[in-house]
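Notes follow the structure.
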Amino acid sequence: MKPEFVIDATNFMDIVKNLSFESIDIYLEDKNIKVIAGKSEFLLPTMDPEEFPEIVPNKVEEGIITFERQKLLSMIERVIFCALRDSENVSRNLNGIYWDFREGGYLTLVAADGYRLALSELSMDIINTPPSFLLSLKSMEELLNVLRSSKTENVELFFDGARVLFFLDDDNIEIILNVVDATFPDYVRIIPQAFKTKVITSTDLFLKVLKRVSIAAKNDQVKMEIKDSIMELTAKSPEVGLAVEELEIEKEGEDIIIAYSPKYLREAIDHIGTSEVEFNITSESSQTMIKPVGDDSYMYIVMPVRLK
(Lines give C-alpha, C1' and ligand atoms only; values in the text may rest on other atoms or scores of the structure.)
Protein backbone atom coordinates (compact mmCIF):
# COMPACT_ATOMS: atom_id res chain seq x y z
CA MET A 1 0.00 0.00 0.00
CA LYS A 2 1.29 3.43 -0.92
CA PRO A 3 1.84 5.78 2.03
CA GLU A 4 -0.74 8.53 2.48
CA PHE A 5 -0.28 11.77 4.35
CA VAL A 6 -1.54 15.35 4.52
CA ILE A 7 0.72 18.38 4.93
CA ASP A 8 0.21 22.13 5.00
CA ALA A 9 0.10 23.16 1.32
CA THR A 10 1.28 26.74 1.84
CA ASN A 11 4.42 25.79 3.77
CA PHE A 12 5.26 22.94 1.40
CA MET A 13 4.88 25.08 -1.72
CA ASP A 14 6.96 27.90 -0.22
CA ILE A 15 9.78 25.43 0.42
CA VAL A 16 9.64 23.86 -3.05
CA LYS A 17 9.51 27.23 -4.83
CA ASN A 18 12.62 28.44 -3.05
CA LEU A 19 14.77 25.36 -3.60
CA SER A 20 17.34 25.84 -6.36
CA PHE A 21 17.79 22.15 -7.19
CA GLU A 22 16.49 20.12 -10.11
CA SER A 23 15.33 17.25 -7.88
CA ILE A 24 14.30 16.80 -4.27
CA ASP A 25 13.89 13.71 -2.08
CA ILE A 26 10.84 13.26 0.14
CA TYR A 27 10.75 10.70 2.96
CA LEU A 28 7.97 9.75 5.35
CA GLU A 29 9.36 9.29 8.87
CA ASP A 30 6.81 8.45 11.55
CA LYS A 31 4.45 11.44 11.48
CA ASN A 32 6.80 13.80 9.67
CA ILE A 33 7.89 14.45 6.11
CA LYS A 34 11.56 15.03 5.42
CA VAL A 35 12.38 17.13 2.34
CA ILE A 36 16.04 17.02 1.20
CA ALA A 37 17.58 18.96 -1.67
CA GLY A 38 21.35 19.33 -1.77
CA LYS A 39 22.40 20.58 1.64
CA SER A 40 18.90 21.86 2.46
CA GLU A 41 16.74 19.75 4.77
CA PHE A 42 13.24 20.36 6.12
CA LEU A 43 11.12 18.35 8.52
CA LEU A 44 7.37 18.98 8.21
CA PRO A 45 4.61 17.61 10.45
CA THR A 46 1.84 15.61 8.78
CA MET A 47 -1.87 15.25 9.50
CA ASP A 48 -4.06 12.15 9.53
CA PRO A 49 -5.26 11.43 5.94
CA GLU A 50 -8.46 9.89 7.35
CA GLU A 51 -9.54 13.38 8.44
CA PHE A 52 -9.04 14.84 4.97
CA PRO A 53 -12.46 15.37 3.33
CA GLU A 54 -13.45 13.35 0.27
CA ILE A 55 -13.75 16.10 -2.31
CA VAL A 56 -13.18 14.39 -5.66
CA PRO A 57 -16.31 12.55 -6.83
CA ASN A 58 -16.23 9.83 -9.42
CA LYS A 59 -16.10 11.07 -12.99
CA VAL A 60 -19.57 10.72 -14.51
CA GLU A 61 -19.79 10.86 -18.29
CA GLU A 62 -23.36 12.19 -18.24
CA GLY A 63 -23.17 15.93 -17.81
CA ILE A 64 -19.52 16.24 -18.88
CA ILE A 65 -18.85 19.21 -21.18
CA THR A 66 -15.70 19.22 -23.30
CA PHE A 67 -13.78 22.37 -24.29
CA GLU A 68 -10.79 22.89 -26.50
CA ARG A 69 -8.26 24.16 -23.97
CA GLN A 70 -7.00 26.99 -26.18
CA LYS A 71 -10.52 28.29 -26.85
CA LEU A 72 -11.45 28.22 -23.17
CA LEU A 73 -8.17 29.91 -22.27
CA SER A 74 -8.79 32.67 -24.82
CA MET A 75 -12.32 33.26 -23.54
CA ILE A 76 -11.16 33.66 -19.96
CA GLU A 77 -8.31 35.99 -20.89
CA ARG A 78 -10.70 38.23 -22.86
CA VAL A 79 -12.96 38.89 -19.87
CA ILE A 80 -11.06 38.35 -16.60
CA PHE A 81 -9.48 41.82 -16.59
CA CYS A 82 -12.96 43.32 -16.13
CA ALA A 83 -13.78 41.45 -12.92
CA LEU A 84 -14.03 43.60 -9.81
CA ARG A 85 -10.95 43.21 -7.60
CA ASP A 86 -12.86 44.05 -4.42
CA SER A 87 -14.12 40.91 -2.69
CA GLU A 88 -16.27 42.57 -0.03
CA ASN A 89 -19.59 40.82 0.63
CA VAL A 90 -21.59 43.66 -0.85
CA SER A 91 -19.85 43.33 -4.22
CA ARG A 92 -18.79 39.68 -4.35
CA ASN A 93 -21.22 39.00 -7.21
CA LEU A 94 -18.87 41.09 -9.40
CA ASN A 95 -15.67 39.61 -7.97
CA GLY A 96 -15.56 36.77 -10.48
CA ILE A 97 -16.67 35.43 -13.88
CA TYR A 98 -20.20 34.32 -14.69
CA TRP A 99 -20.55 31.14 -16.76
CA ASP A 100 -23.87 31.46 -18.55
CA PHE A 101 -24.97 28.31 -20.40
CA ARG A 102 -27.86 29.10 -22.74
CA GLU A 103 -30.28 27.09 -24.79
CA GLY A 104 -29.00 26.27 -28.24
CA GLY A 105 -25.55 25.22 -27.05
CA TYR A 106 -24.00 28.58 -26.12
CA LEU A 107 -21.62 29.45 -23.31
CA THR A 108 -21.09 33.10 -22.44
CA LEU A 109 -18.38 34.18 -20.01
CA VAL A 110 -19.09 37.59 -18.48
CA ALA A 111 -17.12 39.83 -16.12
CA ALA A 112 -17.99 43.35 -14.93
CA ASP A 113 -16.89 45.86 -12.30
CA GLY A 114 -19.72 48.40 -12.41
CA TYR A 115 -18.06 50.67 -14.97
CA ARG A 116 -17.36 48.20 -17.76
CA LEU A 117 -18.24 44.71 -18.90
CA ALA A 118 -16.57 42.11 -21.12
CA LEU A 119 -18.42 39.24 -22.77
CA SER A 120 -17.04 36.27 -24.70
CA GLU A 121 -19.30 33.71 -26.35
CA LEU A 122 -18.72 30.17 -27.64
CA SER A 123 -21.08 27.96 -29.64
CA MET A 124 -20.89 24.36 -28.44
CA ASP A 125 -22.41 20.96 -29.13
CA ILE A 126 -24.27 20.58 -25.82
CA ILE A 127 -27.23 18.21 -25.61
CA ASN A 128 -28.30 19.00 -22.03
CA THR A 129 -27.75 22.63 -21.04
CA PRO A 130 -26.31 22.80 -17.50
CA PRO A 131 -27.23 25.52 -15.00
CA SER A 132 -25.23 28.74 -15.07
CA PHE A 133 -22.84 29.52 -12.22
CA LEU A 134 -20.45 32.13 -10.85
CA LEU A 135 -16.79 31.45 -10.01
CA SER A 136 -14.71 33.81 -7.90
CA LEU A 137 -11.86 35.83 -9.35
CA LYS A 138 -9.36 33.89 -7.21
CA SER A 139 -10.69 30.58 -8.55
CA MET A 140 -10.58 31.88 -12.11
CA GLU A 141 -6.98 33.08 -11.73
CA GLU A 142 -5.96 29.64 -10.46
CA LEU A 143 -7.75 27.94 -13.35
CA LEU A 144 -6.14 30.35 -15.82
CA ASN A 145 -2.65 29.57 -14.53
CA VAL A 146 -3.25 25.82 -14.91
CA LEU A 147 -4.67 26.19 -18.43
CA ARG A 148 -1.70 28.29 -19.55
CA SER A 149 0.81 25.63 -18.51
CA SER A 150 -1.27 22.60 -19.47
CA LYS A 151 -0.57 20.21 -22.33
CA THR A 152 -4.12 18.82 -22.33
CA GLU A 153 -5.90 19.62 -25.60
CA ASN A 154 -9.47 19.00 -24.42
CA VAL A 155 -10.61 20.08 -20.96
CA GLU A 156 -13.66 18.45 -19.40
CA LEU A 157 -16.06 20.25 -17.06
CA PHE A 158 -18.65 18.82 -14.69
CA PHE A 159 -20.97 20.88 -12.46
CA ASP A 160 -22.58 19.06 -9.52
CA GLY A 161 -24.70 21.99 -8.35
CA ALA A 162 -22.24 23.34 -5.77
CA ARG A 163 -18.84 22.70 -7.27
CA VAL A 164 -17.30 22.86 -10.72
CA LEU A 165 -14.82 20.13 -11.62
CA PHE A 166 -12.26 20.50 -14.39
CA PHE A 167 -10.45 17.41 -15.67
CA LEU A 168 -7.15 17.80 -17.54
CA ASP A 169 -6.40 14.17 -18.28
CA ASP A 170 -3.10 14.59 -20.12
CA ASP A 171 -1.71 16.46 -17.11
CA ASN A 172 -3.33 14.15 -14.53
CA ILE A 173 -4.92 17.22 -12.96
CA GLU A 174 -8.38 17.59 -11.45
CA ILE A 175 -9.50 21.02 -10.23
CA ILE A 176 -12.47 21.46 -7.90
CA LEU A 177 -13.85 24.99 -7.51
CA ASN A 178 -16.75 26.08 -5.31
CA VAL A 179 -19.33 28.31 -6.95
CA VAL A 180 -20.15 31.71 -5.44
CA ASP A 181 -23.55 31.89 -3.79
CA ALA A 182 -24.49 35.27 -5.25
CA THR A 183 -26.62 36.57 -8.12
CA PHE A 184 -24.79 38.03 -11.10
CA PRO A 185 -26.45 41.13 -12.61
CA ASP A 186 -28.69 40.76 -15.66
CA TYR A 187 -25.95 41.62 -18.14
CA VAL A 188 -28.25 41.35 -21.17
CA ARG A 189 -30.07 44.52 -20.04
CA ILE A 190 -26.75 46.40 -20.00
CA ILE A 191 -26.02 45.71 -23.68
CA PRO A 192 -27.18 48.74 -25.73
CA GLN A 193 -29.54 48.01 -28.61
CA ALA A 194 -29.45 51.34 -30.50
CA PHE A 195 -26.54 53.62 -31.33
CA LYS A 196 -26.07 57.29 -32.11
CA THR A 197 -22.69 56.88 -33.81
CA LYS A 198 -20.79 53.94 -35.28
CA VAL A 199 -17.05 54.15 -35.96
CA ILE A 200 -14.67 51.63 -37.55
CA THR A 201 -10.91 52.14 -37.55
CA SER A 202 -7.60 50.26 -37.53
CA THR A 203 -7.08 48.46 -34.22
CA ASP A 204 -3.29 48.76 -34.31
CA LEU A 205 -3.31 52.43 -35.33
CA PHE A 206 -5.90 53.39 -32.75
CA LEU A 207 -3.96 51.64 -29.98
CA LYS A 208 -0.71 53.39 -30.93
CA VAL A 209 -2.39 56.81 -31.05
CA LEU A 210 -4.17 56.14 -27.75
CA LYS A 211 -0.94 55.17 -26.00
CA ARG A 212 0.82 58.32 -27.21
CA VAL A 213 -2.00 60.66 -26.29
CA SER A 214 -2.52 58.93 -22.92
CA ILE A 215 0.92 60.09 -21.79
CA ALA A 216 -0.64 63.52 -21.24
CA ALA A 217 -3.80 62.11 -19.66
CA LYS A 218 -2.15 60.84 -16.45
CA ASN A 219 -4.88 58.16 -16.47
CA ASP A 220 -7.57 60.84 -16.16
CA GLN A 221 -9.47 60.98 -19.46
CA VAL A 222 -9.01 60.97 -23.22
CA LYS A 223 -11.43 63.05 -25.28
CA MET A 224 -12.57 61.68 -28.66
CA GLU A 225 -14.03 64.17 -31.13
CA ILE A 226 -15.62 62.36 -34.06
CA LYS A 227 -16.41 64.45 -37.11
CA ASP A 228 -16.89 63.23 -40.68
CA SER A 229 -14.05 60.76 -41.40
CA ILE A 230 -11.70 61.97 -38.65
CA MET A 231 -11.34 61.05 -34.99
CA GLU A 232 -9.33 63.51 -32.91
CA LEU A 233 -7.96 62.26 -29.59
CA THR A 234 -7.04 64.84 -26.96
CA ALA A 235 -5.60 64.57 -23.46
CA LYS A 236 -4.11 67.12 -21.08
CA SER A 237 -2.77 67.45 -17.57
CA PRO A 238 -0.94 70.18 -15.61
CA GLU A 239 2.11 67.94 -15.22
CA VAL A 240 2.58 66.94 -18.88
CA GLY A 241 0.63 69.45 -20.93
CA LEU A 242 -1.51 68.82 -24.03
CA ALA A 243 -1.52 65.99 -26.58
CA VAL A 244 -3.63 65.98 -29.76
CA GLU A 245 -3.63 63.43 -32.57
CA GLU A 246 -5.92 62.48 -35.45
CA LEU A 247 -6.69 59.25 -37.27
CA GLU A 248 -8.93 58.33 -40.16
CA ILE A 249 -12.16 56.45 -39.53
CA GLU A 250 -15.32 55.16 -41.18
CA LYS A 251 -18.34 56.77 -39.55
CA GLU A 252 -22.09 56.23 -39.58
CA GLY A 253 -24.47 58.49 -37.68
CA GLU A 254 -23.89 61.76 -35.86
CA ASP A 255 -20.76 63.69 -35.01
CA ILE A 256 -20.00 63.43 -31.31
CA ILE A 257 -17.55 64.49 -28.59
CA ILE A 258 -17.06 61.93 -25.81
CA ALA A 259 -14.44 61.00 -23.19
CA TYR A 260 -13.24 57.75 -21.66
CA SER A 261 -10.77 56.43 -19.13
CA PRO A 262 -7.59 55.74 -21.17
CA LYS A 263 -6.90 52.62 -19.06
CA TYR A 264 -10.31 51.16 -19.82
CA LEU A 265 -9.89 51.86 -23.54
CA ARG A 266 -6.39 50.34 -23.71
CA GLU A 267 -7.42 47.15 -21.93
CA ALA A 268 -10.38 46.73 -24.28
CA ILE A 269 -8.38 47.26 -27.47
CA ASP A 270 -5.69 44.86 -26.26
CA HIS A 271 -8.27 42.04 -26.43
CA ILE A 272 -9.92 42.86 -29.77
CA GLY A 273 -7.84 40.42 -31.85
CA THR A 274 -8.88 41.67 -35.31
CA SER A 275 -7.32 44.24 -37.65
CA GLU A 276 -10.26 46.62 -37.27
CA VAL A 277 -12.25 47.70 -34.22
CA GLU A 278 -15.82 48.98 -34.08
CA PHE A 279 -17.16 51.59 -31.65
CA ASN A 280 -20.93 51.75 -31.19
CA ILE A 281 -21.70 54.91 -29.20
CA THR A 282 -25.09 55.37 -27.57
CA SER A 283 -24.59 58.89 -26.23
CA GLU A 284 -22.09 61.08 -24.37
CA SER A 285 -23.29 59.66 -21.05
CA SER A 286 -24.43 56.10 -21.86
CA GLN A 287 -22.75 52.78 -22.61
CA THR A 288 -20.41 52.37 -25.57
CA MET A 289 -19.98 48.95 -27.17
CA ILE A 290 -16.52 48.10 -28.53
CA LYS A 291 -16.15 44.92 -30.60
CA PRO A 292 -13.91 43.26 -33.19
CA VAL A 293 -15.01 43.84 -36.78
CA GLY A 294 -16.21 40.52 -38.20
CA ASP A 295 -16.28 38.74 -34.82
CA ASP A 296 -19.56 38.71 -32.91
CA SER A 297 -18.28 36.39 -30.19
CA TYR A 298 -16.74 39.21 -28.14
CA MET A 299 -17.85 42.62 -26.95
CA TYR A 300 -16.78 45.18 -24.39
CA ILE A 301 -19.15 47.67 -22.80
CA VAL A 302 -17.72 50.80 -21.15
CA MET A 303 -19.22 53.91 -19.59
CA PRO A 304 -17.91 57.30 -20.77
CA VAL A 305 -16.60 59.83 -18.25
CA ARG A 306 -17.76 63.40 -17.82
CA LEU A 307 -15.98 65.80 -20.15
CA LYS A 308 -13.73 68.35 -18.44
Give, in nm to one decimal, the length gained when the segment between LYS151 and SER202 is fully stretched (0.36 nm per residue of separation minus the Cα-Cα distance).
14.9 nm
Computed over the chain, the ratio Rg/Rh where both radii use C-alpha atoms and Rh is Kirkwood:
1.08
Determine, for each peptide in 147-157, 291-301, the mean count of other beta carbons within 10 angstrom over its residues, then list the peptides with the highest first.
291-301, 147-157
Rounded, prolate or oblate: pick one for the stretch 146-291, where a ≥ b ≥ c are the square roots of the eigenvalues of its C-alpha gyration tensor, a/c under 1.5 means rounded, and failing that, prolate if a/b is larger than b/c, else oblate.
prolate
Averaging over every viewing direction, what projected area does the convex hull of the Cα atoms of the stretch 60-149 cover, in nm²?
6.4 nm²
Which number gives the lysine pairs in the stretch 192-262 that have C-alpha atoms under 25 Å apart and are eight or more places apart or on different chains?
22
What full-extension length gain, to one decimal in nm, is calculated for LYS263 and TYR187 as 0.36 nm per residue of separation minus the Cα-Cα distance?
25.2 nm
Rounded to the nearest 10 degrees, what's the angle between the helix 9-18 long axis and the longest principal axis of the chain, both from Cα atoms, 0 to 90?
80 degrees
Per-residue accessible area for VAL244 at 1.4 Å probe radius, Å² rounded to 10?
80 Å²
Inter-probe distance in nm under a simple model that places probes 7 Å from Cα toward Cβ, at LYS218 and GLU142:
4.1 nm
Relative contact order [Cα under 8 Å, 6+ residues apart], the chain, whole percent:
13 percent
Cα centroid separation - the stretch 280-306 against the stretch 177-203, whole Å
9 Å
How much accessible area per residue does the stretch 4-50 have, counting only protein heavy atoms and a probe of 1.4 Å, in square angstrom?
79 Å²
Heavy atoms only, probe 1.4 Å: what % of the accessible area of the stretch 212-308 goes to carbon and sulfur, would you let me know?
46 percent
Provide the per-residue ³J(HN,Hα) series for the stretch 257-265, in order, calculated from phi with Karplus coefficients 6.51, -1.76, 1.60 and θ = phi - 60°, each as a whole number of Hz, with x at glycine and proline positions.
10, 8, 10, 9, 5, x, 5, 5, 5
From highest to lowest solvent-accessible area (probe 1.4 Å; ligands, DNA and RNA excluded), SER123, SER132 read SER123, SER132
When the helix-only estimate is applied to the chain (DSSP H runs of n ≥ 4, each -39,500 (n - 2.57), divided by the residue count), what is the mean residue ellipticity at 222 nm, nearest 500 deg cm²/dmol?
-5500 deg cm²/dmol
Which lysines does LYS17 reach when only Cα atoms under 21 Å apart count, and residues fewer than 8 places away in its own chain are ignored?
LYS34, LYS39, LYS138
Residues of the stretch 155-284: accessible area per residue with a 1.4 Å probe, Å²
50 Å²
Specify the inter-centroid distance of the stretch 161-176 and the stretch 75-119, based on alpha-carbon positions, in whole Å.
21 Å
Just to be sure I understand: with springs between alpha-carbon atoms less than 10 Å apart, which residue in LEU134, LEU28, LEU168 has the highest mean-square fluctuation in the Gaussian network model of the chain?
LEU28
Mind grabbing the accessible area of ARG85 for me, 1.4 Å probe, Å², rounded to tens?
150 Å²
How much space per residue, in cubic angstrom, does the convex hull of the C-alpha atoms of the stretch 135-215 take up?
214 Å³
So how tilted is helix 203-214 from the main axis of the chain? Cα-based, degrees 0 to 90, rounded to 10.
80 degrees
Rounded tilt (10° steps) of 137-149 against the dominant C-alpha axis of the chain
80 degrees
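The values are calculated or read from the model by the stated rules, or taken from the named source; none is laboratory data. Keep in mind the model is a prediction, meaning the values are calculated, not measured. We place every Cβ from the backbone using ideal geometry, glycine too, and count neighbours over all the protein chains shown. Calculation scope for accessible area: heavy atoms of the full protein, side chains included, ligands and nucleic acids excluded. Shrake-Rupley method; radii C 1.70, N 1.55, O 1.52, S 1.80 Å.
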